[in-house]
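Novice: Got a structure for you, written out below as structure tokens; questions coming shortly.
The values are calculated or read from the model by the stated rules, or taken from the named source; none is laboratory data. These numbers come from a predicted model, not from an experiment. Using ideal geometry, Cβ is built from the backbone for each residue, glycine included, and neighbour counts are taken over all protein chains shown. Please note that ligands, DNA and RNA were not included when accessible areas were found on the heavy atoms of the full protein model with its side chains. Shrake-Rupley method; radii C 1.70, N 1.55, O 1.52, S 1.80 Å.
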Amino acid sequence: GAVVSQHPSRVICKSGTSVKIECRSLDFQATTMFWYRQFPKQSLMLMATSNEGSKATYEQGVEKDKFLINHASLTLSTLTVTSAHPEDSSFYICSARGVGLTIYFGEGSWLTVV
Amino acid sequence: DAKTTQPPSMDCAEGRAANLPCNHSTISGNEYVYWYRQIHSQGPQYIIHGLKNNETNEMASLIITEDRKSSTLILPHATLRDTAVYYCIVRVGSGSSNTGKLIFGQGTTLQVKP
């Protein structure tokens, strides 16, 4: 299947700083990318949908000024967690859809805010 | 998107078929049934999807009832590596302005036992 890669896989940052997570589609062009967050023992929660070249659409309850999403090219989307706090510590997962219907997921990024 | 109902957990003996049920009684005519699985601390893995007809690939088979209100994912010969959380998701396909985002429920935790 198609490959979606996330970087970094694990990151630790200090409270109050910002951290950026990258999501790349390696062998296809992703017109739409999605960002999820998953807390331990819970399901994935959709945070936002990003379409290349346009502003992201955020799900209800997700702060767009805190979770900045950029989808500048057909193979790259980034999620920046601004002014991170310990409660932002979570598993962040991106997914990407090309011209077909199937959506492929990245390996996920563990964020720990200390 | 329509919601799905899955049993929270199931056990299966190694080498036997694992049959995972999913109810989606409010599914619309243009919504597909998708199955993903998530092995601990990894991103979800695409398994299979279908609209009306039964589908089979190298990983699994998908049986959709004639009224499309329920489906069953079949792993024909379960191995220990199939232990994971399995998610059944209904999603709008093509021909819609919806981006086709995947909304995850709680899924079924499948434990394959030796």
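Novice: To the nearest 0.05, what FRET efficiency results for B:Arg16 and B:Ser41 with a Förster distance of 45 Å applied to their C-beta separation?
Specialist: Details: r = 26 Å, r/R0 = 0.58.
Once rounded, the FRET efficiency stands at 0.95.
Novice: Give the lysines reachable from A:Lys14 as a straight Cα distance under 25 Å; neighbours fewer than 8 places away on the same chain don't count.
Specialist: Leaving aside lysines fewer than 8 places away in the same chain, those within reach of A:Lys14 are A:Lys41, A:Lys64, A:Lys66.
Novice: Return P(r) of segment B:19-114 (all Cα-Cα pairs; 5 Å bins starting at 0; whole %; ordered from short to long distances).
Specialist: 3, 13, 25, 25, 19, 10, 4, 1, 0, 0
Novice: Count the net charge of all other residues whose Cβ sits under 13 Å from the Cβ of A:Glu63, scoring Lys and Arg as +1 and Asp and Glu as -1.
Specialist: Around A:Glu63, the surrounding residues sum to -1.
Novice: Relative contact order, percent, of chain A when contacts are C-alpha pairs under 8 Å separated by at least 6 residues? Each step should come with its number before you reach the end.
Specialist: Numbers: 292 pairs, mean separation 43.0, N = 114.
About 38 percent, as a whole number.
Novice: Within 12 Å, Cβ to Cβ, of A:Val4, how many net charges do the neighbouring residues add up to if Lys/Arg are +1 and Asp/Glu are -1?
Specialist: -1
Novice: Let me ask something additional. Need one value: the accessible area of A:His71 in square angstrom, 1.4 angstrom probe, rounded to the nearest 10.
Specialist: Near enough 10 Å² of accessible area.
Novice: Relative contact order for chain B: what percent, with Cα pairs under 8 Å and sequence separation of 6 or more?
Specialist: 37
Novice: Calculate the dipole size of the protein assembly as shown relative to its Cα centre from +1 charges on Lys and Arg beta carbons and -1 charges on Asp and Glu beta carbons; express the result in debye to the nearest 20. Mind dumping the intermediate values first?
Specialist: Numbers: 20 positive and 18 negative charges, 49 e Å.
The calculated dipole for the protein assembly as shown is roughly 240 debye.
Novice: Where a Cα-Cα gap under 18 Å defines reach, which aspartates and glutamates qualify for B:Lys3, not counting those fewer than 8 residues away within the same chain?
Specialist: A:Glu59, B:Glu31, B:Asp67
Novice: Just the accessible area for A:Lys64, please: 1.4 Å probe, Å², rounded to the nearest 10?
Specialist: 130
Novice: Send over a whole-number figure in Å² for the accessible area per residue of the protein assembly as shown, probe 1.4 Å.
Specialist: Values: 11330 Å² over 228 residues.
I get 50 Å² per residue for the protein assembly as shown.
Novice: Something else now. Rank A:Gly61, A:Gly98, A:Gly16 by mean-square fluctuation in a GNM of chain A with C-alpha springs under 10 angstrom and give only the top-ranked residue.
Specialist: Its mean-square fluctuation being the largest, the pick is A:Gly61.
Novice: In nm, to one decimal, how far is the A:Phe39 label point from the B:Thr26 one, both placed 7 Å along Cα→Cβ?
Specialist: 2.4
Novice: Under a 10 Å cutoff between Cα atoms, tell me which one of B:Glu14, B:Glu31, B:Glu58 has the largest fluctuation in the Gaussian network model of chain B.
Specialist: B:Glu58
Novice: How compact is chain A by the rule of thumb for globular proteins, expressed as Cα Rg over 2.2 N^0.38 Å?
Specialist: Values: Rg = 13.2 Å, N = 114, 2.2 N^0.38 = 13.3 Å.
Relative to the rule-of-thumb radius for its length, chain A sits at 0.99.
Novice: Here's something else I'd like to know. Per the protein assembly as shown: cysteines with no other Cys C-beta under 4.7 angstrom?
Specialist: A:Cys13, B:Cys12
Novice: Round to a whole number: what % of the accessible area of the protein assembly as shown belongs to carbon and sulfur, probe 1.4 Å?
Specialist: 50
Novice: Could you work out which residue, out of A:Thr32, A:Thr82, A:Thr102, moves most in a Gaussian network model of chain A, that is, has the largest mean-square fluctuation with Cα springs under 10 Å?
Specialist: Per the Cα network of chain A with a 10 Å cutoff, A:Thr102 tops the list.
Novice: Now for a different question. Provide the convex hull volume over Cα atoms per residue for the protein assembly as shown, in Å³. It would help to have the intermediate numbers written out before the result.
Specialist: Details: hull volume 27.2 nm³, N = 228.
So the per-residue hull volume is 120 Å³.
Novice: Count charges around B:Ala17 for me, please; just the other residues with Cβ under 15 Å from its Cβ, Lys/Arg as +1, Asp/Glu as -1.
Specialist: Net charge in that neighbourhood comes out at -1.
Novice: Sticking with this one: Would you tell me the accessible area of B:Thr65, worked out with a 1.4 angstrom probe on the heavy atoms of the protein chains, in Å² to the nearest 10?
Specialist: Roughly 50 Å² of B:Thr65 is accessible to a 1.4 Å probe.
Novice: Then there's this: Defining a contact as two alpha carbons under 8 Å apart and six or more residues distant in sequence, what relative contact order in percent does segment A:9-58 show?
Specialist: Worked out over segment A:9-58, it gives 24 percent.
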